[in-house]
Amino acid sequence: MTALYRLNRKRTGLLVVDVQEKLFPLVERTCEVMDGLKLVIEGFQVMHLPIVVTEQYPKGLGHTVGTLKAWLGDDQVYLSKTTFSCAGDEELKSKLLSMPVDDWVVVGIEAHVCVLQTVKDLLLSGKRVVVLNDCISSRSIFNFSTAIAEMRDYGARISSVETVLFELLGDSLAAEFKQISQLIK
């Protein structure tokens, strides 16, 4: 069972896992997932929260999808890996664990491979993890649904973009409320 908690805005980061040129077109619900990714990225940017982006073996799978790169901006750093889990690569794991982040919001592809293994490793490292089910996908709906169930069983919280953004805001008097509301409309 997942522990009950609220995201701490001062200690939350976004981890975008492997949304790459050669794989993304093959997954289910690409339009919905891309809409969710845009919203969560822009929401985190509005609130000035950290965003980490990984690429699985870019030599073979290409780089991050161009549309996503445009939203992330020119200053975004892209971290390459060959391990399926972001925490399977020692350098990347060290970077993730050294950041002032207790709560990782995880999005990306594929749900049943890189996302699932990353979520498990972050949880094993003592981090709390929220997976946005409207921002992850797999090539098969069966692999997607199995990954959701396994991540929840392992202790991750499964949520959605709007739920998380409003939880991070916490109050309609928050300085960013109007900007976030406009993004969602």
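Just so you know, all these numbers are worked out from the coordinates, no wet-lab data involved. Source: prediction; values computed, not measured. Cβ coordinates were reconstructed from backbone atoms using ideal geometry, including for glycine residues, and neighbour counts include every protein chain displayed.
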Under 7 Å between Cβ atoms, at least 6 apart or on separate chains: pull out the pairs that start in the stretch 165-185 with a residue that is closer than 17 Å to residue 130 by Cβ and end on any residue that is outside any helix (DSSP H, G or I) and among the basic types (Lys, Arg).
-> 167/6
Residues in the stretch 114-128: is at least one of a type in the set (A, V, I, L, M, F, W, C) and more than 25 Å from residue 168 (Cα to Cα)?
-> yes
Please find, within the stretch 79-114, the residue that is surrounded by the fewest Cβ atoms within 10 Å (Cβ to Cβ) out of those that are of a type in the set (Gly, Ala, Ser) and over 19 Å from residue 19 (Cα atoms).
-> 98
Given the structure, is residue 124 surrounded by fewer than 19 Cβ atoms within 10 Å (Cβ to Cβ), within 15 Å of the chain's Cα centre (by Cα) and of a type in the set (A, V, I, L, M, F, W, C)?
-> no
How many residues does the stretch 163-185 hold that are in a helix (DSSP H, G or I) and either of a type in the set (Lys, Arg) or at positive phi (or both)?
-> 1
With 55, 32, 21, 42 as the choices, which residue is over 28 Å from residue 142 (Cα atoms) and either in contact with a Ser or Thr (Cβ under 9 Å, 6 or more places away or on another chain) or not β-branched (Val, Ile, Thr) (or both)?
-> 42
Report yes if some residue within the stretch 49-66 is part of a helix (DSSP H, G or I), among the basic types (Lys, Arg) and under 15 Å from the mean Cα position of the chain (by Cα); otherwise report no.
-> no
Filter the stretch 72-108 down to residues that are outside any helix (DSSP H, G or I) and either more than 16 Å from the chain's Cα centre (by Cα) or over 22 Å from residue 133 (Cβ atoms) (or both), then give me how many there are.
-> 14
Selected residue (criterion: surrounded by the most Cβ atoms within 10 Å (Cβ to Cβ)) from residues of the stretch 37-75 that are out of contact with any Lys or Arg (no Cβ under 9 Å at 6 or more places or on another chain) and among the small types (Gly, Ala, Ser) = 43
Could you give me the residue pairs with C-beta distances under 6 Å whose first residue belongs to the stretch 74-102 and is under 20 Å from residue 44 (Cα atoms), whose second residue is of a type in the set (Gly, Ala, Ser) wherever it lies, and which are 6+ apart or on separate chains?
-> 97/125; 101/13
Residue hits (the stretch 11-43; under 22 Å from residue 92 (Cβ atoms), assigned to a helix (DSSP H, G or I) and either touching a residue at least 60 places away in the same chain (Cβ under 8 Å) or touching a Gly at 6+ places or on another chain (Cβ under 8 Å) (or both)) are 11, 24, 37, 40
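Conditions (1) surrounded by fewer than 18 Cβ atoms within 10 Å (Cβ to Cβ); (2) assigned to a helix (DSSP H, G or I), marked per residue:
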residue: 116; (1), (2): no, yes
residue: 130; (1), (2): no, no
residue: 134; (1), (2): no, no
residue: 152; (1), (2): yes, yes
Restricting attention to the stretch 136-150, which residues are free of Cβ contacts under 8 Å to residues at least 24 places away in the same chain and in a loop (DSSP other than H, G, I, E, B)?
-> none
